[in-house]
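Working notes, structure below.
Laboratory data are not the source of any read-out in this text; all were calculated from the coordinates shown. Given the structure is predicted, the values throughout are model-derived calculations rather than measurements. Positions of Cβ are generated from backbone atoms using ideal geometry, with glycine treated the same way; all protein chains shown enter the neighbour counts.
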């Protein structure tokens, strides 16, 4: 029978562990503060920011909200980030993406101190990841590693195929899987014979950004399938990059959408915040 990997439960377990750790830190007089910066009122961003604030409150992390209008100048945002870099009471800085079109997201990310970059997006954080040095891990890939480990799925020696090469998921995912001694392939829009590549995967990670693209013809019997996508189907229900109903009959384990990878991203963000105080 196919194992449905429960991201909600695993993320809750992680938050409970962090809550206990934060309580112990507070006994020694150490408090953790996350500064969350949002520009404009993008509806999806508002939901994400609210979820992050709720997670902070649960774990025991103080969150400070900084809200700038959509029309704010890029320089205003950069000045705010620099102020937060210098504020010793702030452990982590998160600038909610996407930013308005007139702002350069890459420039903003590079302005965040690497020692407060809890999203793990700064080039220094990325370099530390690939070199195997201590630093903040990109939250979604780190969450996927936890999903696999806590579900009893071994990674070492396995063939892992990632469909998608984004800076947020695909590339850091490859680095983390290499750390776990997997053999890693990254497939993308220019990959020839994609199905032949994905059928070699013991663990297939779908981060392609196309609704229900990965069906049972892309996987081999008994593969573990991790779905990073988030879309809405014709019935306006949430779905992923994987055609869940078709693939679950063939996979040995699979993440649902919703309730799979999504909750793990915020749990690992909380972990990065706590990492600043460890």
How many angstrom lie between the Cα centre of region 49-104 and the Cα centre of region 136-184? 27
Arrange the following residues from fewest to most other Cβ atoms within 10 Å of their Cβ: 2, 140. 2, 140
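On a full-extension model of 0.36 nm per residue, what is the gain between residue 2 and residue 64, subtracting their alpha-carbon distance, rounded to one decimal in nm? Walk me through the numbers before you get to the answer.
Working: separation 62, 0.36 × 62 = 22.32 nm, distance 4.21 nm.
Gain on extension, residue 2 to residue 64, equals 18.1 nm.
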Using Cβ counts within 10 Å as a stand-in for footprinting exposure, how do 227, 87, 216 rank, fewest first? 87, 216, 227
What is the spread of the Cα atoms of region 42-88 along each of their three principal axes, largest first, in whole Å? 33, 31, 9
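At a Förster distance of 30 Å, what's the computed FRET efficiency of residue 46 paired with residue 24, Cβ-Cβ distance as r, to 0.05? Don't jump to the answer; show the numbers that get you there.
Details: r = 33 Å, r/R0 = 1.09.
Efficiency at R0 = 30 Å is approximately 0.35.
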Taking the chain as the reference, fit the longest principal axis to its C-alpha atoms, fit the long axis of helix 262-275 to the helix C-alpha atoms, and give the angle between the two in degrees, 0 to 90, nearest 10. 40
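Compute the Cα gyration tensor for region 183-252, then decide on rounded, prolate or oblate, letting a ≥ b ≥ c be the square roots of its eigenvalues: rounded whenever a/c is under 1.5, prolate when a/b is larger than b/c in the other cases, and oblate in all that remain. Before the final figure, lay out each step's value.
Numbers: a/c = 2.04, a/b = 1.38, b/c = 1.48.
Oblate is the answer for region 183-252, as a/c is 1.5 or above yet b/c matches or exceeds a/b.
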Which whole-number value in Å³ per residue fits the convex hull of the alpha carbons of region 1-100? 108
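Compare the peptides 141-150, 37-46, 4-13 by average per-residue count of other Cβ atoms within 10 angstrom and give them in order, highest first. Please list the in-between numbers first.
Details: 141-150: 22.3, 37-46: 15.6, 4-13: 18.7.
Order by mean packing, descending: 141-150, 4-13, 37-46.
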What number, rounded to the nearest 500 deg cm²/dmol, is the helix-based mean residue ellipticity at 222 nm of the chain, given -39500 (n - 2.57) per DSSP H run of at least four residues and division by all its residues? -12500 deg cm²/dmol
Just to confirm the number: angle between the C-alpha axis of helix 170-179 and the first principal axis of the chain, 0 to 90 degrees, nearest 10? 80
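Can you tell me how much longer the chain between residue 156 and residue 87 gets when fully stretched, taken as 0.36 nm per residue apart minus their C-alpha distance, in nm with one decimal? Walk me through the intermediate numbers first.
Details: separation 69, 0.36 × 69 = 24.84 nm, distance 4.12 nm.
The residue 156-residue 87 span can extend by a further 20.7 nm.
By count of other Cβ within 10 Å, fewest leading, how are 231, 190, 122, 102 ordered? Write out the running numbers ahead of the final one.
Working: 231 15, 190 7, 122 20, 102 10.
Listing 231, 190, 122, 102 from fewest to most nearby Cβ atoms yields 190, 102, 231, 122.
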Determine the equivalent ellipsoid of the chain by diagonalising the alpha-carbon gyration tensor, then write out the semi-axes as square roots of 5 times the eigenvalues, largest first, rounded to whole Å. 32, 21, 18
Mean Cβ-within-10 Å packing, highest first, puts peptides 262-268, 251-257, 123-129 in the order 262-268, 251-257, 123-129
So the angle from the long Cα axis of helix 43-59 to the longest Cα principal axis of the chain, reported in degrees to the nearest 10, equals 80
